[in-house]
Amino acid sequence: MRHVLSILVENEPGVLSRVVGLFSGRGFNIESLNVGPTLETGVSHITICTSGDEQIIEQIMKQLHKLITVIKVVDLTHLQAVEREIVLMKVGAEDAKRAEVLRIADIFRCKVVDVSPDELTLEITGDQGKIKAVVALLQRFGVKEFIRAGTVAMRRSMQLAD
Amino acid sequence: MVLTGAQILMECLKREGVDLIFGFPGGAVIDIYDELPKHPIKHILVRHEQAAVHAADGFARASGKVGVCLVTSGPGATNTVTGIATAYMDSIPMVVITGQVPTHLIGNDAFQEADIVGITRPCTKHNYLVKNVADLATTIKQAFYIARTGRPGPVLIDLPKDVVNSKTKFSYPETISLRSYNPNVNPNRKQLRKAAELIANSKQPVIYAGGGVISSDSAAELKQLAETFHLPVTTTLMGLGAFPGDHPGWLGMLGMHGTFTANMAVNNCDLLISVGARFDDRVTGRINSFAARAKIIHIDVDPTSISKNVVVDVPIVADCKQGLAGLIEEAAKIEGVDWQAKHEAWNVSLTEMRASHPLGYAKNGGTIKPQWVVEKIHELSKGEAIIATEVGQNQMWAAQFYTYRKPRTLLTSGGLGTMGYGFPAAIGAQFAFPDKLVIDIAGDGSIQMNIQELATAVSYNVPVKIVILNNGYLGMVRQWQELFYKKNYCATCLHTNPDFVALAKAYGAEGFLVDKAEDLEATLKAAFAYPGPVIVDVRVEPEENVAPMVPAGAALSEMLLV
């Protein structure tokens with residue numbers, strides 16, 4: 001099962017290597033990874049999507065916590081959380097196709113961030129499901145380039161009962 | 001007070017109570033070596049950096065203090081890796097100081113440059129590259145704190161040459177607090193209560209104790225728990241000495257070469273109380289058959305050790321000392337249980353099993369049996385020696401046929417299984433206990449992996465006794481080849497062993513050869529009485545096997561050679 005782990009770390013040289021090395025050294029899987037600074041000086045935030053059964057995820061959490069430079073680890077999977085990915089996608093959009101590409105982009109609230117006579121570069125944000133849908137619809141126009149950043153996720157303020 | 005990095009290092013080491021370090025100099029640490037003689041810190045010059053780490057490790061295991069070693073950059077640093085990994089696997093507190101090329105050359109493929117922080121990241125508890133001399137004192141303070149607290153382990157500090165030479169105002173932090181490192185040592189009361197109730201409800205309980213009992217100095221608590229509630233005890237290899245080997249409740253070591261009784265007890269128990277052990281594959285055998293019918297209580301200071309291989313019923317994250325003391329307290333509160341009567345049938349059956357299935361070996365005449373050599377070592381040292389071992393058959397016989405009654409009397413590479421560990425570790429232990437008899441039980445293969453340390457032993461007159469159980473084979477691999485590979489003795493026969501007696505003498509040590517059983521006792525006595533390092537080369541039965549044996553991947557109940 002897919003799990004999204006939110007990890008706060010000391011922002012010091014080698015910290016990412018410690019986290020990533022832990023995953024490779026112990027045979028855990030990284031599906032996606034996102035790293036960036038937080039508003040607090042000296043603290044960075046890592047979001048890792050991984051997969052495994054409950055015992056493996058528990059072990060990953062404990063192992064992460066054992067790293068001296070890791071401050072906090074939260075598994076967002078069983079919490080209500082907002083998840084986003086960002087994709088930049090260069091799609092073939094010659095005159096005949098352009099209107100249809102723009103229409104699909106509009107439906108999914110993508111942004112056009114670059115234009116050329118026969119290509120459009122779109123910025124798409126959303127959860128995994130949305131991204132999957134956009135990609136499926138735009139594929140037939142010819143995808144020239146595709147870049148996808150790792151998931152970022154945040155716990156919702158209100159955890160409502162189902 | 002403005003000091004150089006080298007001076008700060010010395011001041012910090014003194015404040016951490018370090019008076020002995022093991023090391024080997026080189027270009028990147030020459031400034032530290034220039035400073036060293038001005039301070040009351042004894043430096044032991046080894047002949048290979050791996051031995052410096054093993055010696056610091058042996059010192060740490062025997063004394064309970066943090067072992068310290070100092071080596072240069074590049075090859076000096078990479079040579080420490082096996083030693084560091086050995087200490088990491090066995091949770092030994094250690095601080096390793098490596099030199100590094102000057103900061104402006106880092107990443108330049110400079111002479112004797114190696115990314116030792118990168119290399120040792122997976123085999124240290126933590127490591128540091130100090131880029132600014134202003135951070136040095138705090139880093140050293142943190143390193144010692146991390147090395148000795150929680151689950152202990154090795155910490156490496158990489159010191160670039162320019163940092164060593166830079167100056168800064170020195171002040172040593174009195175206390176340390178790390179927001180991201182706060183090991184939990186106090187057990188949860190509720191969990192202890194649950195555990196105590198499980199003990200009260202069990203009919204066939206077993207304590208399975210490991211190295212954590214030794215590193216937390218809680219052998220007294222373990223004994224109290226076992227005696228108060230009439231619980232039989234087995235230990236891992238790392239746990240030997242944590243419980244008296246001559247105690248009536250002692251079942252022997254468990255696992256691949258454990259006793260029949262210990263393995264059957266674990267196989268048949270209804271409650272397994274694991275303390276400071278980590279369910280290693282050499283202990284559990286086939287994991288889904290391990291203590292399959294039992295409820296499991298697990299006390300460990302490292303949460304990652306709990307439910308890693310076997311899901312446990314009552315996890316207790318705590319230092320073993322506090323965990324055991326708390327468990328005793330909680331169990332004592334339970335009223336109306338006659339503990340002795342409750343566990344009597346089980347204890348009696350285990351005592352009977354122990355009598356009917358002792359560890360043994362065929363005492364056929366002619367050749368010298370290695371097990372008998374270990375028994376003789378035990379007898380002549382009155383069980384009072386510190387035993388170091390190499391790895392392989394020698395290690396298992398040393399574990400089986402020497403009776404360990406006290407903690408910190410067996411030094412052995414349990415987790416990593418490092419051949420070449422024993423001799424330098426014995427040297428380290430001898431420095432911790434100059435007046436004790438320290439014996440390295442070795443094989444003819446293993447001893448050659450750090451034989452150069454004879455020079456160290458001779459130069460400081462470290463009276464370590466090396467007893468080589470010389471069978472002319474890499475015996476444990478040969479045993480596997482015999483049992484599981486149709487006697488295809490590929491690359492395990494040591495045709496060209498050196499003359500160990502002559503070799504010892506060439507280094508300036510003493511050497512004795514024993515090739516007749518009747519000479520063994522007198523020669524061992526002479527060796528033990530000799531006031532310097534000695535090799536005793538004992539020619540033992542070449543194809544003797546370690547028994548009993550649980551084949552890799554089999555269940556503990558499927559023992560061979562019982």
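Of the set (1) under 31 Å from the mean Cα position of the chain (by Cα); (2) touching a residue at least 24 places away in the same chain (Cβ under 8 Å); (3) within 11 Å of another protein chain (Cβ to nearest Cβ), all apply to B:R121 but (2). Quick check, is B:D435 of a type in the set (D, E, K, R) and without any contact (Cβ under 8 Å) to a residue 12 or more places away in the chain? For B:D435, the condition - of a type in the set (D, E, K, R) and without any contact (Cβ under 8 Å) to a residue 12 or more places away in the chain - is met.
Right, A:D118: away from chain B (no Cβ under 14 Å), exposed (fewer than 15 other Cβ atoms within 10 Å of the Cβ) and touching a Gly at 6+ places or on another chain (Cβ under 9 Å) or not? For A:D118, the condition - away from chain B (no Cβ under 14 Å), exposed (fewer than 15 other Cβ atoms within 10 Å of the Cβ) and touching a Gly at 6+ places or on another chain (Cβ under 9 Å) - is met. Summed over region B:522-556, the residues that are within 30 Å of B:A292 (Cα to Cα), buried (at least 17 other Cβ atoms within 10 Å of the Cβ) and of a type outside the set (A, V, I, L, M, F, W, C) give a count of 2. The set of residues in region B:501-523 being assigned to a loop (DSSP other than H, G, I, E, B) and not charged (D, E, K, R) consists of B:G508, B:A509.
Conditions tested, residue by residue: (1) touching a Cys at 6+ places or on another chain (Cβ under 9 Å); (2) in contact (Cβ under 8 Å) with a residue 40 or more places away in the chain; (3) within 11 Å of chain A (Cβ to nearest Cβ); (4) among the hydroxyl-bearing types (S, T, Y).
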residue: B:V95; (1), (2), (3), (4): yes, yes, no, no
residue: B:N108; (1), (2), (3), (4): no, no, no, no
residue: B:Q112; (1), (2), (3), (4): no, yes, no, no
residue: B:V133; (1), (2), (3), (4): no, yes, no, no
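Of the residues screened, A:I7 is one that is within 15 Å of the chain's Cα centre (by Cα) and within 14 Å of chain B (Cβ to nearest Cβ).
Cβ-Cβ contacts under 7 Å between residues 6 or more apart (or on different chains), taken from a first residue in region B:448-467 that is on the phi > 0 side of the Ramachandran plot to a second residue that is buried (at least 24 other Cβ atoms within 10 Å of the Cβ), are absent. A single member of B:M94, B:M1, B:M89 is modelled with pLDDT under 95 and not hydroxyl-bearing (S, T, Y), and it is B:M1. Taken over region B:314-348, residues that are within 14 Å of another protein chain (Cβ to nearest Cβ) and either part of a helix (DSSP H, G or I) or within 18 Å of B:N201 (Cα to Cα) (or both) amount to 1.
From the list A:L76, A:L102, the one residue that fits, being farther than 30 Å from B:V130 by Cα, away from chain B (no Cβ under 14 Å) and surrounded by 17 or more Cβ atoms within 10 Å (Cβ to Cβ), is A:L76. Report yes if some residue within region B:510-523 is of a type outside the set (F, W, Y) and under 26 Å from the mean Cα position of the chain (by Cα); otherwise report no. Within region B:510-523, none of the residues are of a type outside the set (F, W, Y) and under 26 Å from the mean Cα position of the chain (by Cα).
Being within 23 Å of A:E145 (Cβ to Cβ) and not β-branched (V, I, T) is a property that holds for A:N34. Scanning region A:22-34 turns up one or more residues that are loosely packed, with under 13 Cβ neighbours inside 10 Å, within 14 Å of chain B (Cβ to nearest Cβ), at pLDDT below 95 and assigned to a loop (DSSP other than H, G, I, E, B). Filtered by the rule that a residue be in a helix (DSSP H, G or I) and surrounded by 22 or more Cβ atoms within 10 Å (Cβ to Cβ), region B:265-283 gives B:A265, B:V266, B:V283.
Scanning region B:139-158 for residues that are touching a helix residue (DSSP H, G or I) at 6+ places or on another chain (Cβ under 7 Å) and more than 23 Å from A:G42 (Cβ to Cβ) turns up B:P152, B:G153, B:P154. Taking region A:35-59 as the range and being in contact (Cβ under 8 Å) with a residue 12 or more places away in the chain, over 14 Å from A:L5 (Cβ atoms), within 13 Å of another protein chain (Cβ to nearest Cβ) and not small (G, A, S) as the test, the residues that pass are A:V43, A:D53. Do you know which residues across region B:16-62 are surrounded by fewer than 20 Cβ atoms within 10 Å (Cβ to Cβ), over 22 Å from B:Y145 (Cα atoms), aliphatic (A, V, I, L, M) and over 23 Å from the mean Cα position of the chain (by Cα)? B:I30, the sole residue that qualifies. Would a scan of region A:53-62 turn up a residue that is exposed (fewer than 14 other Cβ atoms within 10 Å of the Cβ) and within 22 Å of A:E83 (Cα to Cα)? Yes, that holds for at least one residue. Being among the hydroxyl-bearing types (S, T, Y) and over 21 Å from the mean Cα position of the chain (by Cα) is the requirement here; does B:T86 meet it? So B:T86 does not fit the description; no. Per the listing A:V4, A:V70, the residue uniquely among the aliphatic types (A, V, I, L, M) and more than 20 Å from B:I306 (Cβ to Cβ) is A:V4.
The values are calculated or read from the model by the stated rules, or taken from the named source; none is laboratory data. Just so we're clear, the structure is a prediction, and the values are computed from it rather than from any experiment. Cβ sites come from the backbone with ideal geometry, for glycine too, and all protein chains shown count toward neighbours.
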